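Peer 1: Sharing a structure, written as structure tokens. Questions coming.
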Amino acid sequence: MIDKLEKIVEFFENMDNQEKIEYLISYADSFKEVPETIASKPYALDKKVEYCESGVYVWSIINEVGNPRFYFYVENPHGVSAKALCSILEEGLENTDLQSVITINTDIVFRIFGYNLSMGKNLGLIGIIQMMQRQVKKLIQDS
Amino acid sequence: MKSKNEKEYFNKEVLVTTDWLLQNLDKKEIRIVESNEDPLLYSTGHIPGAVQIDWTNDLNNQLVRDYIGKEDFEKLMSKNGISNDTTVVFYGDKSNWWACYAFWVFKLFGHTNAKIINGGRLKWEKEGKPLTREVIVYQESDYKSETRNDNDIRAFRDDVVFHIKNGMSLIDVRSPEEYTGKRLHMPEYPNEGALRGGHIPGALNVPWAKAVNDLDGTFKSADELEKLYLVENHLNSDDDLIVYCRIGERSSHTWFLLKYLLGFKNVKNYDGSWTEWGNSVGLPIQK
């Protein structure tokens, strides 16, 4: 597991529910949309996470030092959880390598948000990570 | 403003406007309830005075796939300061899916005094109406609930089996891709908790989204809804009708509009929906 991401996940695991809500909202507030230099609307549907009710799009690129960099767009302005997870992933995966991304356990969704997520919500949030992993596998394949 | 010739909803009292709510925010006999797909959303800011009722943690039984019982409903009402005569006004995200779902569950317990804010959270926000992060803790009430009545507005699997055997109407309110089963066949993607894709034999496909205005999440006019359900889909307000989706939330939205806005007399929501039907041994599907 990637150290920086693991530290964030553990941070969430050790807080009470109210603190968790506040931190998640804070992460959601810091969400940055994909810049136009990476993608412009209308976004390609193959970047859209299936079954995510918030309409999340994911882009993965390799930066100048050969590490992956991720960008996101959340269609639903009310998709607070999705925005929070995207921000956590962006921060937690900074300077990580391609292979490490594939090893991320999607269980982090439950460790961050709790185990009482609805089925639709957990499928959607897990789908964001799975989409990133598929894109990274493709980047490795093509490199 | 409605034009002189524009038809009214069948029960116009049950749907309130954002302006009405703004004028009635301080009324003690009203309790505003926010119910969302994303439970975090309430904490980012909500209508002043609103409480949150979360469908997963508050309305569902945590050990049985069912809703809470009478005692837990009474506790939930008491905790939120809701009395038997309180007017409960629901709103939420996703064009009020979850608000309609909570409204429907309240009806199972006989709480008749309930309303939906037309347009829900989206319209309230777009109009720049006030939101707050302040959570008010209300004085506990003494709520006496009826025993949950699952007979009148709720359908179970066996009801649906009986329904299709007798050629009665069903509406699948999911997207056309879900209705045809296409979405379960995409490689590498998670499915929606069902082993098979498709729909219940004989069900019409009338996606819930056709009933709302995209820009503000409000219900379409009575004329437009009549055209959609009565004319284009040949339904009749006397029909014995069951609606379903994936888990019963989108179909609560359609159930609400058919019952209250169009006056369907006998419409039930099948909350087991596709996650039950699509997984059940021995039940037929169509694609």
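Peer 1: Which condition number does residue B:45 fail, the rest of (1) closer than 30 Å to residue B:275 by Cα; (2) at pLDDT 95 or above; (3) within 11 Å of another protein chain (Cβ to nearest Cβ) being met?
Peer 2: (1)
Peer 1: While we're looking at this one, here's another question. Which residue pairs have Cβ atoms closer than 7 Å, lie 6 or more positions apart in sequence or on different chains, and pair a first residue in segment A:75-86 that is free of Cβ contacts under 8 Å to residues at least 40 places away in the same chain and within 8 Å of chain B (Cβ to nearest Cβ) with a second residue that is open to solvent by less than 20 Å² (accessible area, probe 1.4 Å) and of a type outside the set (Gly, Ala, Ser)?
Peer 2: Here the result reads A:78/B:38; A:78/B:41; A:78/B:93; A:78/B:121; A:79/B:38, each pair linking segment A:75-86 to a residue that is open to solvent by less than 20 Å² (accessible area, probe 1.4 Å) and of a type outside the set (Gly, Ala, Ser).
Peer 1: Could you tell me which of the residues A:41, A:4, A:48 is in contact (Cβ under 8 Å) with a residue 40 or more places away in the chain and either closer than 20 Å to residue A:141 by Cβ or basic (Lys, Arg) (or both)? Steps first, answer last, please.
Peer 2: Numbers: A:41 fails: in contact (Cβ under 8 Å) with a residue 40 or more places away in the chain; A:48 fails: in contact (Cβ under 8 Å) with a residue 40 or more places away in the chain.
Exactly one residue qualifies, and that residue is A:4.
Peer 1: Restricting attention to segment B:62-89, which residues are of a type in the set (Gly, Ala, Ser), assigned to a loop (DSSP other than H, G, I, E, B) and under 18 Å from residue B:146 (Cβ atoms)?
Peer 2: Narrowing segment B:62-89 to residues of a type in the set (Gly, Ala, Ser): B:69, B:78, B:81, B:83.
Narrowing the set further to residues that are assigned to a loop (DSSP other than H, G, I, E, B) leaves B:69, B:81, B:83.
Across segment B:62-89, the qualifying residues are B:69, B:83.
Peer 1: If a residue has to be within 18 Å of residue B:220 (Cβ to Cβ) and either away from chain A (no Cβ under 14 Å) or part of a helix (DSSP H, G or I) (or both) to count, how many in segment B:91-143 make the cut?
Peer 2: Summing the residues that are within 18 Å of residue B:220 (Cβ to Cβ) and either away from chain A (no Cβ under 14 Å) or part of a helix (DSSP H, G or I) (or both) in segment B:91-143 gives 13.
Peer 1: Of all residues in segment B:169-191, which are modelled with pLDDT of 90 or more, surrounded by 19 or more Cβ atoms within 10 Å (Cβ to Cβ) and outside any strand (DSSP E or B)?
Peer 2: Of everything in segment B:169-191, those that are modelled with pLDDT of 90 or more, surrounded by 19 or more Cβ atoms within 10 Å (Cβ to Cβ) and outside any strand (DSSP E or B) turn out to be B:173, B:174, B:179.
Peer 1: Kindly indicate which of A:102, A:62 is of a type outside the set (Ser, Thr, Tyr) and either touching a Leu at 6+ places or on another chain (Cβ under 9 Å) or crowded, with 17+ Cβ neighbours inside 10 Å (or both). Even if it seems obvious, please write down each step before you answer.
Peer 2: Working: A:102 fails: either touching a Leu at 6+ places or on another chain (Cβ under 9 Å) or crowded, with 17+ Cβ neighbours inside 10 Å (or both).
The conditions single out A:62.
Peer 1: In addition: Find the residue count for segment B:48-61, including only residues that are within 12 Å of chain A (Cβ to nearest Cβ) and not in a loop (DSSP other than H, G, I, E, B). Write out each step before concluding.
Peer 2: Narrowing segment B:48-61 to residues within 12 Å of chain A (Cβ to nearest Cβ): B:52, B:54-60.
Now narrow it down to the ones that are not in a loop (DSSP other than H, G, I, E, B): B:52, B:55-60.
Here the count works out to 7.
Peer 1: Still on this model: Quick check, is residue A:120 more than 14 Å from every other protein chain (Cβ to nearest Cβ) and either crowded, with 16+ Cβ neighbours inside 10 Å or charged (D, E, K, R) (or both)? I'd like the intermediate steps shown before the answer.
Peer 2: Values: more than 14 Å from every other protein chain (Cβ to nearest Cβ): no; either crowded, with 16+ Cβ neighbours inside 10 Å or charged (D, E, K, R) (or both): yes.
No, not satisfied.
The values are calculated or read from the model by the stated rules, or taken from the named source; none is laboratory data. All values reported here derive from a predicted model rather than from experimental measurement. Every residue, glycine among them, receives a Cβ derived from its backbone with ideal geometry; neighbour counts consider all protein chains shown. Protein only, heavy atoms only, side chains kept; ligands, DNA and RNA dropped before computing areas. Shrake-Rupley method; radii C 1.70, N 1.55, O 1.52, S 1.80 Å.
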